[in-house]
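Here's the structure, in structure tokens; my notes come after.
Laboratory data are not the source of any read-out in this text; all were calculated from the coordinates shown. In this text, all values refer to a predicted model and were calculated from it rather than measured experimentally. Neighbour counts run over all protein chains shown; Cβ positions are idealised from the backbone, glycine included.
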Amino acid sequence: MNTHYGIYGGQYIAETLMPTLKELERQYFLAKEDPAFQAELDDLLKHYVGRESPLYHAKRLSEFCGGAQIYLKREDLNHTGAHKVNNTLGQVLLARRMGCKRLIAETGAGMHGVATATMAALFGMPCEVFMGAVDVERQAPNVERMECLGTTVRSITEGSATLKDAMNAAIREWTATAPETFYVIGTVAGPYPYPMMVKDFQAVIGHEARRQCLEQTGKLPEEVIACVGGGSNAMGIFAGFENDPSVRLTGVEAGGEGVSTGNHAASINGGQVGILHGAKTYLLQRSDGQVTPTYSVSAGLDYPGVGPEHAYWADLGKAHYEVINDDEAIDAFDTLCRLEGIIPALESSHAVAQALKSAPRRAKSDVIIVNLSGRGDKDMENIREWKKQHR
Amino acid sequence: MNRISSIFQNCRREKRAALIIFAEAGYPNLAQSEQDIDTAIENGADIIELGIPFSDPMADGPVISSAGQTAIENGANLQNILEMAARIRQRHPDTGLVLFSYFNVMYNYGLEALCAELQRIGVDGILAVDLPLEERDELLAPCRAHNLHLIPLVSPATSPERARAIVQDVTGFVYYVSVRGITGARAAMPPELAQNLAMLREISPVPVVVGFGIASGESAHAVAECADGVVVGSAFVSACTAPGQAATLVRTLRAGCAKENS
Ligand SMILES: Cc1ncc(COP(=O)(O)O)c(C=O)c1O
């Protein structure tokens, strides 16, 4: 099995975890081929998660831009409020099938933590979620949700106290407790087979969106836009269009205060090749290989790496990666709230902001699909605080 | 014969396990860590594992993680640690020196450039914690070209079949991780250790050393009975903060390395 994407990906992990990864790969392929596994997954995606999610023609937003027609893939309407649940459902079904006794996860914005805690409750498994202390503060509503669901939230104060440090802590815990503990990784990062597995579980977004677009517009979209933290919602929607060369795939990285200021989280646009959390990929780091602290107003994008397949696609030009800064994301957030009555997550607001730039340059007959990866309830306090400091 | 082989041969002659001390290079600062490493060598360490600090040490417990953080904050990087290694080599021509870190630090330096520099300095080998069998070819080629040992890790999670693949063609020594988990001092060694080690030593063409969790003369002694070498990391790093403590610890560990049943 090829574990790399070009030079990227791989399994750069301690020997203690290698047998666990091999077994995970084996069991994943068995599950994938098992009709009963797929049937249970499909059933829960429909009746528990609420799929399929709508593809919604945002007419007022499109009019406001005066160009392409913007369609929103409404992952914010999923149970738990983001795309994350597509993946946690798949992984936790796999964990149960493998006989694992306990779940752990890392989380940034807390959406993946909530989605994992939800599955832990549904399947009656104990769960611990690792979250950077900075994120515990700025995404407090999600900490409360996880605790309501019976999950223990471990606040990590080490390093930059954000997603990267939460992931370090989760990997340490996993090293000491695998294979009884299953590590539910929240994005298309980590060692193989996670990037492949998470892409497969999120691909439902792209497959639905492609069909819905054909049904509603009679054609494929000209462009598909998604924000990129680790890259799971982007890879999920891109997967539906990766064999359609006419569709431009645009990933949006978090520019924070601007890539030139150094305070950003744009790994592809501002990083170099390195190795972190089990994979070779683009990484924000010093020339001596120390990973640098990142910054974005959006906790879910505040990560120094990116899924290895995105790194590969960036090199190939198979997808294009743009940067949206904090202020542009906040403006796009306001615009979507006011024009469409939809409150997007700050992460997703980066994708909306990119659409606001791209749509006016396009013909009225063009179609842009934006992956609205999550809802913004969790961000109210964070946005109020940002506006107080900047406006 | 290479330096690592003669070290283990001497130890066998002296009926003891080799003492391998892991030092977090640059902790608390470069000058002090250079002194601490000298102290370790002068008090009986046979091999020094020079830990290069990394911002995200996924395989390390709190002691080594926070020491690494301090070292980075105080200016340690691979370049100035290599300069330190060169000075240590000049003062201690017979001590084994192994670079120990995470792959990203090595990768960013340039693997070919790094191996060439290590050979020039007289470092004996490299250990990359997050570079398992599946990924090691990338580093193995430059190691071979520059006569460096690439030290592999084997863990209690490793199957005998996998262990065989890992130790095949290995030079230098094999590092057996005593527990499933991360670095850090532990009160006792797992009961299945002796049996696992007996299996591994049978299939390994080179000596097998044991690390993770060994913190005292007693635990060193327990391990010395069934291994070719004993690695002490977190306990040494902790001892470095108090004057005189590092020397005492190393002397105690060295005494613990004596074998009774061989
Ligand atoms: C709503 C939402 N969108 C996007 C992301 C970023 O993750 P990914 O790039 O894996 O989709 C997150 C992460 O927390 C999120 O909560």
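Data for the structure
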read-out	value
Cα shape, segment B:121-230, gyration tensor, a/c 1.5 rule	prolate
Cross-link reach list, lysines versus A:LYS364, counting only Cα pairs under 30 Å and skipping chain neighbours closer than eight places	A:LYS59, A:LYS73, A:LYS219, A:LYS318
Chain A: calculated mean residue ellipticity at 222 nm from DSSP helix runs of at least 4, using -39500 (n - 2.57)	-13500 deg cm²/dmol
Reachable lysines from B:LYS15, criterion Cα separation under 25 angstrom, eight or more residues apart if same chain	B:LYS259
Shape category assigned to segment A:270-360 from the gyration tensor of Cα positions, a/c cut at 1.5	prolate
J(HN,Hα) series, segment A:122-130, from Karplus relation 6.51 cos²θ - 1.76 cosθ + 1.60, nearest Hz, glycine and proline x	4, 9, x, 10, x, 8, 10, 10, 9
Length-normalised contact order for chain A - Cα pairs under 8 Å, 6+ apart - percent	21 percent
Percent of beta bridges antiparallel (DSSP, the protein assembly as shown, rounded to nearest 5)	20 percent
Per-pair calculated FRET efficiency, R0 = 35 Å: A:GLU33 and A:LEU122 via Cβ, rounded to 0.05	0.90
Per-residue HN-Hα couplings for segment A:22-28 [Karplus 6.51, -1.76, 1.60; θ = phi - 60°; Hz; x = Gly/Pro]	5, 5, 4, 4, 4, 5, 5
Charge tally in the Cβ shell below 15 Å around A:LEU94, where Lys, Arg are +1 and Asp, Glu are -1, A:LEU94 excluded	0
Theoretical ellipticity at 222 nm over chain B - DSSP helices of four or more residues, -39500 (n - 2.57) apiece, nearest 500	-13500 deg cm²/dmol
Efficiency of FRET from Cβ geometry, A:ASP377 and A:ASN243, R₀ 41 Å, rounded to 0.05	0.70
Cα-based shape type of segment B:3-256, given that a ≥ b ≥ c are square roots of the gyration tensor eigenvalues and the cut on a/c is 1.5	rounded
Residues whose placed amide H lies under 5 Å from that of A:ALA109, excluding near-sequence neighbours	A:GLY300
Two-site FRET efficiency, A:THR292 against B:SER66, from Cβ-Cβ distance with R₀ of 25 Å, rounded to 0.05	0.85
Candidate lysines - alpha carbon under 23 Å from A:LYS32, same-chain residues fewer than 8 apart omitted	A:LYS22, A:LYS46, A:LYS84, A:LYS101, A:LYS199
